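Accompanying notes for the structure given below.
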Amino acid sequence: MEKKRQNKNQSNIVSFIPTGDYYYKKSIQAMNSGQMNKAYKYLQRAVDLSPDDPMIILQLAIVELEGQRFEEAYDLLRRSYQIDPDNPEIIFYMAEVSGCVGIMQDAKRFAEEYLQLEPEGAYADEAAEILEFVAFEQDEFEELEGSGEDLYRQEQARRHMEKGDFPEAITILEDLIEDRPAFWSAYNNLALAYFYVGEEEQAKALLHTVLRENKGNLHALCNLTVIAYYEKNEEDLQELLNILVKIQPYTWEHRYKLGATLALIGQYELAYKWLRSMQKRGYVGDAGFYFWLSHAAYFSGHEEVSKSAWGQLLEVDPDKEGFEPWRQQDNEFALDALEHDRNFIVEKLESSYSSERIFGLFLLKDTAHKQEIIAHPKWVNIEQFGAFEKLFLAYALGHEFDKKNKVEASFLRAVNVPEILLEQYGKLSSLIVPMFQMWFVLCEQALIQNYRFTNPVAIAGANDYLFRSSQMLKVTKKEIAQQYGVSVATLSKYIEEILAFLPDSHN
């Protein structure tokens, strides 16, 4: 009897397990009430629970598209299309998102397919506008090589490269080239991926293969030029530059590539010619375009154009604030100073001594070559950095430190010492480099021992005094104390303190 009663009770229990459809309906309710963030989360949950429902995936893709997260929208729409390739709404949005990610041939194909299926459909006007847009773009750009699937795989690889996941990008591109042996843009991207993981010879070999099989390939020529520039191979660089200056590109894609490459290697007037020609013809660029246009304009004497382009850049990428090309002119340092000597800084960054590397990272903050050095795959390798190197890199990149945090506050006082020394001497000359080298040796040891650097001005004076004394220069504590605005007693105190961090001679 008891067992019978239990079975009866169990049959009346309704198990509630939310489905994708449940969260989809919740997302619609949230949208109708204007709660877009909540709607977005519900849609993500709906897709997780119903990964094979094309309409739920489509709705999330539309939200991603409206948020201008085009790559995410493209991935979702491809999933939706693979499940239901005959749905007119999905086909229309495949046309729209393909145009957004630059795959014009697919944008055209899908828009035409939609109009064939529903010539009077809800999206007919929008599909016609896409076809007009594609026709206009084809006047300016060459037809992209490769199928939509090929371009999608290449786009996947590009996104992996942007995230620093070069091995995965290499795998995708190698597979793509194996399937499409004449897909030259994939070769160029693979060469860049090889370069970024330190396989320079393999990168160059691949680019020479492209030029052998596809003579005059501009992207391959530009990529070889960049590699020669970074390797400081003046002979190859000049030979490639002699070729580049003769090229007269017609398409915007090629003008952009040529202009950005010339700007990177310091050929600013030529770079300005090509990038400015694009802007005058109405080109709406990405962050990279405005960055290089601003630099090319500034260093070729077109300051107003430079500042205007930089303003457009900040609208697209506000994080670039602080990298303005004219900032190096606003400080007290002469451009012939060692803090603006790229080779000197790179030498420090590649040193086997950590104190030398943090010296190089300190100089990175205000150097004219900051962006170039940061962009190099081997000069600033954060994965190989220790804790102190990461702190100095963060400082160079303008990171906001928490002054209430004891460790970060101590670090800020420590890094203030060489800033004070630079103020005293005006610029970093070869005569005072040993003083800075001595300071960074002391600084590293002091950081290890959790020294608090309580008086940066007095510490800078103490470091200056120790350096001059070691060089047998005639100097007194009184003179140094007056120079730095501290008392002789205070100076003496900090001389004794930092002497404790001077490594023994056998070290």
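The values are calculated or read from the model by the stated rules, or taken from the named source; none is laboratory data. None of these values were measured; they are calculated from a predicted model. Neighbour counts are summed over all protein chains in view; Cβ atoms, including those assigned to glycine, are modelled from backbone coordinates with ideal geometry. Keep in mind that these areas ignore ligands, DNA and RNA; they rest on the heavy atoms of the full protein, side chains included. Shrake-Rupley method; radii C 1.70, N 1.55, O 1.52, S 1.80 Å.
Quick grid of which residues meet (1) basic (Lys, Arg); (2) surrounded by 15 or more Cβ atoms within 10 Å (Cβ to Cβ):
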{"position": "ASP150", "(1), (2)": "no, yes"}
{"position": "PRO167", "(1), (2)": "no, no"}
{"position": "LYS204", "(1), (2)": "yes, yes"}
{"position": "VAL210", "(1), (2)": "no, yes"}
{"position": "LEU218", "(1), (2)": "no, yes"}
- [ ] Run GLN279 past the list (1) open to solvent by less than 60 Å² (accessible area, probe 1.4 Å); (2) within 22 Å of the chain's Cα centre (by Cα) and report the number of the one that doesn't hold.
- [x] (2)
Open item on the list: Report every pair of residues separated by at least 6 positions or lying on different chains whose Cβ atoms are under 6 Å apart, first residue within segment 344-357 and under 17 Å from CYS443 (Cα atoms), second part of a helix (DSSP H, G or I) and among the acidic types (Asp, Glu).
Closed with: LYS348/GLU356; SER355/GLU444; ARG357/GLU389
- [ ] Report, ordered by the first and then the second residue, all pairs with beta carbons closer than 6 Å, sequence separation of six or more or different chains, a first member in segment 367-395 that is of a type in the set (Phe, Trp, Tyr), and a second member that is outside any helix (DSSP H, G or I) and open to solvent by less than 30 Å² (accessible area, probe 1.4 Å).
- [x] none
Task: Filter pass, ALA409 being among the aliphatic types (A, V, I, L, M), assigned by the TED database to the domain that holds ILE432, at pLDDT 85 or above and over 22 Å from the mean Cα position of the chain (by Cα) - done: yes
Task: Test: GLU235 is exposed (fewer than 13 other Cβ atoms within 10 Å of the Cβ), on the phi < 0 side of the Ramachandran plot and of a type in the set (Asp, Glu) - done: yes
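Restricting the search to segment 76-109, which residues are surrounded by 20 or more Cβ atoms within 10 Å (Cβ to Cβ) and in contact (Cβ under 8 Å) with a residue 40 or more places away in the chain?
From segment 76-109, those surrounded by 20 or more Cβ atoms within 10 Å (Cβ to Cβ) are 76-77, 80-81, 90-99, 103-104, 106-108; that's our starting set.
Across segment 76-109, the qualifying residues are SER98, ILE103, MET104, ASP106.
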TODO: Out of the residues in segment 467-493 that are polar (S, T, N, Q) and part of a helix (DSSP H, G or I), state the one that is nearest to TYR425 (Cα to Cα).
DONE: GLN483
Open item on the list: Looking only at segment 171-189, count every residue that is free of Cβ contacts under 8 Å to residues at least 24 places away in the same chain and in contact with a Leu (Cβ under 8 Å, 6 or more places away or on another chain) and tell me the total.
Closed with: 3
Open item on the list: It is to be established whether one or more residues within segment 457-466 are more than 24 Å from THR367 (Cβ to Cβ) and assigned to a loop (DSSP other than H, G, I, E, B).
Closed with: no
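If a residue counts only when it is assigned by the TED database to the domain that holds GLY198, which helices (runs of 4 or more DSSP H) contained entirely in segment 210-309 have at least 3 such residues? Outline the logic, then answer.
Details: elements: 218-230, 234-244, 252-264, 268-280, 287-299.
In segment 210-309, 218-230, 234-244 are the helices (runs of 4 or more DSSP H) which contain 3 or more residues that are assigned by the TED database to the domain that holds GLY198.
Yes/no matrix, rows are residues, columns are (1) closer than 24 Å to ARG78 by Cα; (2) of a type in the set (Ser, Thr, Tyr); (3) assigned to a helix (DSSP H, G or I); (4) at pLDDT below 85:
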| residue | (1), (2), (3), (4) |
| --- | --- |
| GLU155 | yes, no, yes, yes |
| MET161 | yes, no, yes, yes |
| ALA169 | yes, no, yes, no |
| ALA182 | no, no, no, no |
| ALA186 | yes, no, yes, no |
| ALA193 | no, no, yes, no |
Open item on the list: Can you tell me which of (1) at pLDDT 90 or above; (2) open to solvent by 30 Å² or more (accessible area, probe 1.4 Å); (3) under 28 Å from ARG45 (Cα atoms); (4) assigned to a helix (DSSP H, G or I) is the one GLU112 doesn't meet?
Closed with: (3)
TODO: Quick one: ILE28 ticks every box in (1) open to solvent by 70 Å² or more (accessible area, probe 1.4 Å); (2) at pLDDT below 85; (3) more than 22 Å from TYR114 (Cβ to Cβ) except a single one, so which number is it?
DONE: (1)
TODO: For segment 407-428, indicate whether the set of residues that are of a type in the set (Phe, Trp, Tyr) and in contact (Cβ under 8 Å) with a residue 12 or more places away in the chain is non-empty.
DONE: yes
